[in-house]
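Asker: So that we are looking at the same thing, I have put the structure below in structure tokens.
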Amino acid sequence: MVVQNSSDFMMKKTISESNRDAWNQALKYHQKARNNSLQIGFKNPEFTTLNRDCDEILIIKLKNIGLSGKTIAQIPCNNGRELLSLMHFGSKEGLGFDISDIAISEAKELAEISKLNVKFERVDILEIDNKYNSYFDFIYISEGSLQWFPDLNDYFSVVSRLLKKDGKILIFEIHPFAYFFENGFDIKKGNFEKLTSYFNKDPYNYKNGLDYVGGVEYESKECYWFMHKISNIISAILQNDIEIKEFNEYNVEMANNNSIKFLDKFPLSYIIVGKKK
Ligand SMILES: C[S@@+](CC[C@H](N)C(=O)[O-])C[C@H]1O[C@@H](n2cnc3c(N)ncnc32)[C@H](O)[C@@H]1O
């Protein structure tokens, strides 16, 4: 067990509680933009949200892993739409965890509408109950998940704790390169001084809100995220008894920012498949 000093613990707690407020605020914008389309969609037993262009590669990997009869989790799960969609691969039980009160209350509503065997809990990922230790055959980690955790070792120690022996993870995430271009970097003008550093360890702070669904800008509550280097992500996985079975980088864009301009130049997303030792 890692013993954290109290100031380190308080710093991480402050970050997660600020992010909780910011996500609660953002969810209201997302719900407005989606205009009940998920509530209507999940009435149909075939409904899935894994139908974006970038999901084609994901679906192939999920079929290879084989989720039929498995107990699966998503951490964090936001409003549960991805986890509910994953249940179409035949899993017997799903659990989604997220810190946002509003996201989890929407997720519970969608689970009830869909009648799928999925439950949701509002919790900080770093504090998921020990009753779920060695409980899951598969954990799904999707875009926009790792950035909220200041220390990936903390995060992957939870992932590892929750997995059964030989349990698998699939991470389908935004490549850190995609964040390079967040500040309006224009490669033609070569304004390199505006470029975000790949090596930056300090938190980033959103001020214009997190409404990547409706695109509305608003004065956001304080929230913090971290652009982890690929080497940090890989090291944190390996240090927590998870073998890496696959690592692929893609030019498929999922960040919804101006990285789209660089589709043919940089890796913009990646998939890691891992297995608990
Ligand atoms: C972009 S979503 C990722 C899930 C999914 N890919 C999506 O796009 O909806 C980010 C989620 O992380 C959650 N989150 C941030 N920090 C967290 C923490 N410490 N514990 C649990 N959830 C957290 C937020 O509430 C939010 O729902």
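Asker: Is it true that Leu58 is assigned to a loop (DSSP other than H, G, I, E, B), modelled with pLDDT of 90 or more, within 15 Å of the ligand (Cβ to nearest atom) and not polar (S, T, N, Q)?
Answerer: In short, no.
Asker: Tally the residues that are hydroxyl-bearing (Ser, Thr, Tyr) and near the ligand (Cβ under 9 Å from one of its atoms), restricting the search to region 73-106.
Answerer: 1
Asker: Given the conditions (1) outside any loop (DSSP other than H, G, I, E, B); (2) modelled with pLDDT of 85 or more, report the number of the one that Pro267 does not fulfil.
Answerer: (1)
Asker: Please name all residue pairs, on different chains or six or more residues apart, with Cβ atoms under 9 Å, provided the first residue is in region 64-92 and is at pLDDT 95 or above and the second residue is charged (D, E, K, R) and within 9 Å of the ligand (Cβ to nearest atom).
Answerer: The qualifying pairs are Gln74/Glu82; Gln74/Asp98; Ile75/Asp98; Pro76/Asp98; Cys77/Asp98; Asn78/Asp98; Asn79/Asp98; Gly80/Asp98.
Asker: Considering each of Ser160, Ser134 in turn, give the residue that is surrounded by fewer than 19 Cβ atoms within 10 Å (Cβ to Cβ), away from the ligand (no atom under 15 Å from the Cβ), in contact (Cβ under 8 Å) with a residue 12 or more places away in the chain and not in a strand (DSSP E or B). It would help to see each step written out before you state the result.
Answerer: Details: Ser160 fails: surrounded by fewer than 19 Cβ atoms within 10 Å (Cβ to Cβ).
Residue meeting the stated conditions: Ser134.
Asker: Ok, one more. Could you list, in sequence order, the residues of region 11-37 that are touching a residue at least 60 places away in the same chain (Cβ under 8 Å), more than 11 Å from the ligand (Cβ to nearest atom) and under 16 Å from Gly80 (Cα atoms)?
Answerer: Lys28, Gln31, Arg34
Asker: To continue, here is another question. Assuming Ser7 fulfils every condition listed in (1) of a type in the set (S, T, N, Q); (2) farther than 16 Å from Gly214 by Cα; (3) more than 11 Å from the ligand (Cβ to nearest atom); (4) within 19 Å of the chain's Cα centre (by Cα) apart from one, which condition is it?
Answerer: Every condition holds for Ser7 apart from (4).
The values are calculated or read from the model by the stated rules, or taken from the named source; none is laboratory data. None of the values given here were measured: they were computed from a predicted structure. Heads up, the Cβs are rebuilt from the backbone with ideal geometry, glycines too, and the neighbour counts pull from every protein chain shown.
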